[in-house]
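Enquirer: Handing you a structure now.
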Amino acid sequence: MPGDVENVNGETESLLGRSRHRVRRFFDGFIDFAFQGNILQIAFGLIIANIFTDLVKSFVSAILMPPLAILFPVNKNIEEKFAVLRPGDGYNSTTGYNTLRQALDDGAVVMAYGSFIYQVVSFIMVGFALYGLAHIYTLISHDPIIKHTKKCKYCRSRINEKCLRCFNCTSWQDGREERNGC
């Protein structure tokens, strides 16, 4: 009997030791993965991109949209424009709803097209701002972010404009096949 107890304790220690080793190895692998240079660069880039997007959205809502609301014949912010598809319980047919929030609180089914217009303008502005930053970065450094492309004459795939050969169909882009009669 005492030998069986020692055997059970030995197996338990062995099992615990292997489990500790596996947990330690898993944790060490996670640390190696989490603190690699690429992961930290991606995390930093995502944080900067989020801040940049908030900045551009603030520009769109505070600076760009009010003049657009003046140019187009609307008497309120474009974000507040909506159409009532089905009125709610407290709908007054003479005055209607004054704000989108009022219509939603009443339970009306609305199509908030103003919010959609705002999101489209915001998306376009974020795209132009990112393109501008990439263009400035390309001018300052010699590492291009914006890689200009052209269509291959033969397979019509998009390739880098500096390529001499298409990587899809392997044809020469300088016309060697045509000169050699191939």
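Enquirer: With labels modelled as points extended 7 Å from the Cα through the Cβ direction, what inter-label distance (nm, one decimal) is found for V23 paired with L68?
Expert: For the pair V23/L68, the computed spacing is 5.5 nm.
Enquirer: Near K81, which lysines are there with a Cα under 23 Å away, not counting those fewer than 8 places off in the same chain?
Expert: K57
Enquirer: In Å, what is the Rg of the alpha-carbon atoms in region 24-145, and how long is Dmax?
Expert: According to the Cα coordinates of region 24-145, Rg and Dmax are 22.4, 71 Å.
Enquirer: Name the long-range amide H neighbours of S171: under 5 Å, sequence gap of 5 or more, or other chain; modelled H, no Pro or chain starts.
Expert: Here C166 satisfy the definition.
Enquirer: With a 1.4 Å probe and all protein chains left in place, how much accessible area per residue does region 46-93 have, in Å²?
Expert: Solvent-accessible surface per residue comes out at 73 Å².
Enquirer: Using a 1.4 Å probe on the protein heavy atoms, what percent of the accessible area of region 102-155 belongs to carbon and sulfur?
Expert: 71 percent
The values are calculated or read from the model by the stated rules, or taken from the named source; none is laboratory data. Predicted model only: the values in this text are computed from it and were never measured. Reconstructed Cβ throughout: ideal geometry from the backbone, glycine too, with neighbour counts over all protein chains shown. Side chains included, ligands, DNA and RNA excluded: accessible areas come from the protein's heavy atoms. Shrake-Rupley method; radii C 1.70, N 1.55, O 1.52, S 1.80 Å.
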